[in-house]
Every structure is written in C-alpha cells, then in structure tokens.
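Taken together, the values in this text are just the output of simple stated rules run on the coordinates, not laboratory data. The model shown is predicted, which means the values in this text are computed figures rather than measured ones. Note: ideal-geometry Cβ built from the backbone for every residue, glycine included; neighbour counts use all protein chains shown.
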C-alpha cells in the first residue's frame with residue numbers, strides 16, 4: 001500500500017485573520033481578547049498574573065508575535081521553532097490556526113501553568129468547564145438510559161452505533177470558546193433526531209458501519225478528543241458501548257497536554273467527569289460511571305496526552321512518534337472543529353475537494369465528526385455549498401450543521417505525495 005506524507009499539490013494558503021469579513025478576523029480581533037478578559041473575570045489571580053494577562057490583551061491584534069517567555073516549560077523548545085517563522089508579524093498576518101494555538105499557549109505562560117510542575121497547574125477555564133458539566137445533567141441521563149438498553153440487546157449494534165456517532169457529533173456544539181456555559185439560549189440545537197440527521201450535510205455512517213462489521217472485533221479504537229462537558233460524556237458513551245458490547249478490545253483517548261480552547265479536555269477532565277457521573281441520582285448514570293471506572297481499571301480504556309495536540313502543526317506535520325502510534329489503531333475518531341482544521345491544515349481547500357484526498361497522509365482508518373465552526377470544508381457535493389449559503393449565510397460558523405466523514409487508507413487515492 002502506498003504511503004503518503006502530505007496531500008498532493010497544490011496545497012492552498014492558510015486561513016488568516018487578515019482576511020476581512022471572516023470568522024478568522026472576528027476571532028482574532030474580538031473573540032480572543034474577550035476570552036482573555038473572561039479568564040481574568042473568573043479567576044482570582046494575583047497581580048503579577050493579571051498584569052501579564054492584560055499585556056496579552058493589549059497585544060492583540062496589531063503588535064508583533066514574540067517568543068514565549070516560559071523557558072522551563074516542557075514544550076519550550078518546540079514553541080521556539082513554531083514562533084520563529086512569524087517573528088515581526090502581527091496577530092492578523094500569521095495563519096489563523098497558529099494565532100489561536102499561540103494565544104492559548106500565551107495564556108498558559110501568563111498564568112504560570114508549568115511553574116508548579118508538569119500537569120499540576122491551575123486550569124484557568126475550570127469554572128466554565130464545571131458549568132458545562134452541570135448543564136449536561138439531562139442529556140447525560142438520556143444517554144445513560146439508552147446505553148443500558150442497547151447493551152442489553154446486542155442485535156441493535158447498528159442502531160446504537162449510528163445514534164452514538166450522531167450524539168458524539170452534536171455533542172461538539174457545546175464549545176465554551178464560542179458559547180459560554182451560561183449562554184445556553186445562544187447555543188445551536190436540534191429539536192429531534194430528524195433535524196439532527198437533516199443537518200448532517202455529509203453522512204458516511206453507512207461506510208463506517210460496514211467497516212466495523214467487516215472487522216468483527218476491533219482490536220483498538222482511538223479518539224482524538226475535543227471538548228469537556230457533554231461532548232466528553234458522549235465520547236465516553238461511545239467508548240463504553242464499544243468496550244462493553246465487545247465491539248472493541250481497547251479504546252485510547254488522546255487529550256490535550258495543557259488547557260486550550262477554553263473547553264478542550266485534559267486527562268483530569270476525564271476523571272472529573274466520571275466522578276460527577278458517579279454522584280448522579282439517576283441509577284443509569286451511576287451504572288455508566290461504574291462501567292467507565294471498570295474500563296479504566298482493567299486497562300481497556302486508556303488516557304494519553306501529547307503536546308502535538310496543543311501545537312499549531314497540521315495533520316501532515318505530526319511527529320513520527322504520534323504517526324507510529326496511530327498507525328497501530330484500527331479506527332481513529334477525530335472529534336470537533338479544531339481537530340478537523342488540523343487535519344485539513346486550516347487551509348483554503350475548495351469545499352468539494354475529496355476529504356480522503358486531503359487526509360491521504362493519515363496512518364489509519366479515520367472518522368471525522370465535525371460541526372461547522374470555521375470557514376473551511378472538504379468533501380461536499382458540487383452545488384451544496386452554494387445551496388447552504390442561500391439557506392443559511394452563517395452555516396460555516398454557527399455550529400448548526402456537521403459532517404460524519406470516513407477515510408480509509410485502503411481506498412484508492414487520487415492525490416498525494418509519496419514518501
């Protein structure tokens with residue numbers, strides 16, 4: 001089987017905040033400073049941290065990118081390389097994906113996250129994450145009840161996997177960097193399963209189910225995890241079903257190495273979520289939590305973190321260690337918009353470019369569950385982008401539509417650079 005290291009040329013230009021009237025421009029000029037102000041408002045930081053955060057806010061968007069001032073951090077050498085090409089450019093001139101990842105890494109620097117030891121720092125978004133978890137009480141109860149029913153009837157595997165994939169897709173709507181936990185009235189939603197399915201503009205669930213059926217038992221499934229809150233609960237629900245039903249032997253969850261994108265999940269968020277579920281008055285939720293504890297204890301559910309998932313690198317720039325690890329997986333499930341942007345290099349691909357042609361470099365069968373929160377896309381049928389724009393001018397960024405896409409390295413590729 002041929003191996004590909006990156007998509008075939010020409011690779012388009014990256015999205016940049018410099019582009020007027022775009023979500024990228026709005027994010028850099030408005031959203032990022034607002035997020036930093038919210039971090040200040042919701043944390044009782046000492047004066048030194050407040051001063052550093054206020055200095056960061058003042059930089060955006062017209063002052064120039066500077067090196068990190070976090071020399072003892074474990075990722076400091078990596079960020080020295082990431083920043084070097086953009087020194088002297090301002091926040092709008094650099095690629096948007098770099099600007100966002102750099103912004104969240106600057107918050108980590110400003111709050112001294114690594115000064116107390118690896119993984120021991122204070123999560124500046126913990127209050128918002130807790131609010132998001134509390135808001136997930138009712139959907140978690142519904143999910144747990146459905147899980148109990150599906151696990152008691154193995155003949156319904158196809159139905160269960162379909163609905164769990166859909167649930168995991170729309171769980172990504174609860175993104176606290178866009179819709180604060182307290183602003184539920186602003187968040188997109190779907191009133192019923194018919195609306196949920198109608199708003200999936202590309203749905204390759206059938207191909208996924210066929211692949212899973214061919215495997216019988218999947219030796220290993222990997223999740224590229226995105227948000228905490230209900231999205232993480234929905235991911236854990238899918239993982240629980242795969243393991244408890246015997247469809248998968250092992251599930252790996254790949255989480256962020258430090259706080260980023262406000263609601264992105266850390267390893268500690270997995271444990272905190274399970275602890276929260278354990279205290280539920282609902283018996284099905286407590287049973288769900290108990291199964292997750294059992295999976296962690298017997299090693300069938302495993303948690304990993306890597307600084308790559310906090311980096312500004314594209315999917316085809318993943319380190320060899322990450323590539324080699326994922327190559328051992330029989331199915332990788334990528335969650336959320338930021339992971340999707342990484343897979344596509346956050347670039348201006350024509351929206352009808354086949355998804356599998358862009359991700360031809362990926363080392364394992366890949367499922368992408370993504371709600372639209374940025375102005376890029378791939379794999380859409382001809383004419384559909386124009387139709388969606390007529391129906392809903394903000395369809396690319398308002399989180400009301402999504403995709404379930406599947407790319408298998410065993411399929412033929414029409415593009416790609418050979419290794």
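According to a simple spin-label model (label point 7 Å from Cα along Cα-to-Cβ), what is the distance in nm between residue 13 and residue 130?
Those two pseudo-labels are separated by 4.6 nm.
Okay, helix-only estimate at 222 nm for the chain: each DSSP H run of n ≥ 4 adds -39500 (n - 2.57), divide by all residues, round to 500 deg cm²/dmol; what do you get?
After summing the helix terms and dividing by residue count, I get -12500 deg cm²/dmol.
Compute the distance in nm between two label points, each set 7 Å from the Cα along the Cα-to-Cβ direction, one at residue 51 and one at residue 352.
5.8 nm
Within 10 Å of each residue's Cβ, count the other Cβ atoms and sort 6, 256 from fewest upward.
Ranking 6, 256 by Cβ neighbours within 10 Å, fewest first, gives 6, 256.
Among 309, 150, rank each residue by its count of other Cβ atoms within 10 Å, from fewest to most, as a rough exposure measure.
If I rank by nearby Cβ atoms, fewest first, I get 150, 309.
Considering the Cα positions of segment 264-389, please state its Rg to one decimal place and its Dmax as a whole number of Å.
For segment 264-389, the Cα radius of gyration and maximum Cα-Cα distance read 18.0, 50 Å.
With an 8 Å Cα cut-off and a minimum separation of 6 or more residues, compute the relative contact order for the chain in percent.
Here the relative contact order equals 22 percent.
Rank-order 276-289, 90-103, 50-63 by packing density, defined as the average count of other C-beta atoms within 10 Å over each peptide's residues, highest first.
90-103, 276-289, 50-63
How high is the FRET efficiency between residue 386 and residue 30 when r is their beta carbon distance and R₀ equals 30 Å, given to the nearest 0.05?
0.60
At q = 0.10, 0.15, 0.16, 0.19 Å⁻¹, what log₁₀ I(q)/I(0) does a Debye calculation on the Cα points of segment 4-125 give, no solvent, two decimals?
Ignoring solvent entirely, the Cα scatterers give -0.34, -0.73, -0.82, -1.09.
Using 0.36 nm times the number of residues separating residue 66 and residue 41, minus their current alpha carbon distance, what extension gain do you get?
So the extension gain works out to 6.5 nm.
Give me the number: length gained by fully extending residue 219 to residue 293, i.e. 0.36 nm times residue separation minus the C-alpha to C-alpha distance, one decimal in nm.
Going from the current span to full extension adds 24.6 nm.
Hey, quick one: spin label on residue 328, modelled 7 Å out along Cα-Cβ, who in segment 357-388 has an amide N within reach, i.e. under 16 Å?
Of the residues in segment 357-388, 363-365 have backbone N under 16 Å from the label point off residue 328.
Apply the a/c threshold of 1.5 to the C-alpha gyration tensor of segment 127-418 and tell me whether it is rounded, prolate or oblate.
Here segment 127-418 falls in the rounded category.
Take every DSSP beta bridge with both residues inside the chain and express the antiparallel ones as a percent of the total, to the nearest 5.
35 percent
Which FRET efficiency value, to the nearest 0.05, do you get for residue 76 and residue 321 by plugging their Cβ-Cβ distance into 1/(1 + (r/R0)^6) with R0 = 22 Å?
The value I calculate is 0.75.
At 7 Å along the Cα-to-beta-carbon direction for both residue 249 and residue 122, put a label point, then send me their distance in nm to one decimal.
4.5 nm
Could you calculate the contour length gain from residue 300 to residue 207, that is, 0.36 nm times the residue separation minus the distance between their Cα atoms, to one decimal place in nm?
Going from the current span to full extension adds 30.9 nm.
Sort segment 249-298 into rounded, prolate or oblate with this rule: let a ≥ b ≥ c be the square roots of the eigenvalues of the Cα gyration tensor; rounded if a/c is under 1.5, and if a/c is not under 1.5, prolate when a/b is larger than b/c, oblate otherwise.
oblate
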